[in-house]
Amino acid sequence: MTPFSRRAFTTAALASVLTACAGPGAGTAPPPKSSASSSPKTQTKTPTRPVPVEGARPLARSAPVRLLVPAIGVDTPVMRLGLAPDGTVEVPPVTADDRAGWYRHSPTPGQTGPSVILGHVTVGSYGDGVFRHLDRLRQGDRIVARLENGTAAEFAVTAVRTVAKSHFPADDVYGDVDRPELRLITCGGARTGDGYADNVIVFAALSGAESPTSGER
């Protein structure tokens with residue numbers, strides 16, 4: 001990442017982002033205040049510690065243009081997201097044509113580090129969001145990010161976590177890793193007045209890649 005991108009990425013991590021919920025009038029919430037709770041609420045669909053994956057070598061930087069998650073029927077264009085004025089990560093707009101969004105200050109899918117893609121669980125009066133069933137993913141499920149340069153980066157799910165927003169695990173989501181990884185994030189848990197109480201976070205690691213000229217790597 002460039003120095004600016006790294007600073008922006010760190011800023012977002014410290015802000016502990018996300019409100020990709022899209023209840024009526026939902027937007028990007030301000031950074032949550034610190035909590036005096038002694039332990040975070042954590043529910044898991046799979047173990048919270050990501051399992052090892054025999055990974056592929058890192059890919060060149062190329063922005064994602066489409067995301068496929070076959071196990072839950074996701075096939076969506078991917079838009080680019082930056083930072084909102086309050087320092088949190090932007091979320092995709094609430095529209096009938098819902099789509100996922102890649103946080104452009106994170107690595108691109110396949111680069112070393114955690115690439116971050118956000119999506120709504122619901123989109124107000126339009127109904128289900130693109131990540132409505134994200135919490136149904138399991139270890140080993142396949143995720144494919146199609147990149148601008150024509151490469152298809154394939155990931156395997158290593159963990160799925162549901163965490164309280166007040167205890168968003170910024171270090172786990174944005175912290176340095178020594179291999180190409182992917183984070184898919186949406187909202188979950190109980191409904192609140194303007195959204196949801198929790199975040200669902202999918203962790204995945206690069207397992208292979210296919211380019212339009214060289215075939216599988």
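Rank-order 118-128, 56-66, 198-208 by packing density, defined as the average count of other C-beta atoms within 10 Å over each peptide's residues, highest first.
198-208, 118-128, 56-66
In whole Hz and in residue order, list the ³J(HN,Hα) couplings for region 67-75 that follow from phi through the Karplus curve 6.51 cos²θ - 1.76 cosθ + 1.60, θ = phi - 60°; x for Gly and Pro.
Karplus values, whole Hz, x for Gly and Pro: 10, 10, 10, x, 4, 10, x, 8, 8.
Quickly rank 85-92, 97-104 as a protection proxy: mean count of other C-beta atoms within 10 Å, highest first.
Result, highest mean first: 97-104, 85-92.
Which of the peptides 107-116, 138-147 is most tightly packed, and how do the rest follow, judged by the mean count of other Cβ atoms within 10 Å per residue?
So the peptides 107-116, 138-147, ranked by packing, come out 107-116, 138-147.
Can you compute 3J(HN,Hα) from phi for each residue in region 158-173, using the Karplus curve 6.51 cos²θ - 1.76 cosθ + 1.60 with θ = phi - 60°, rounded to whole Hz and x for Gly and Pro?
10, 6, 10, 10, 10, 10, 5, 4, 5, 10, 4, x, 4, 5, 5, 7
Values quoted throughout were computed directly from the atomic coordinates according to the rules given, and no laboratory measurement underlies them. Since the structure is predicted, the reported quantities are computational estimates derived from the model, not experimental observations. With ideal geometry, Cβ positions are generated from the backbone for all residues, glycine too; neighbour counts draw on all protein chains shown.
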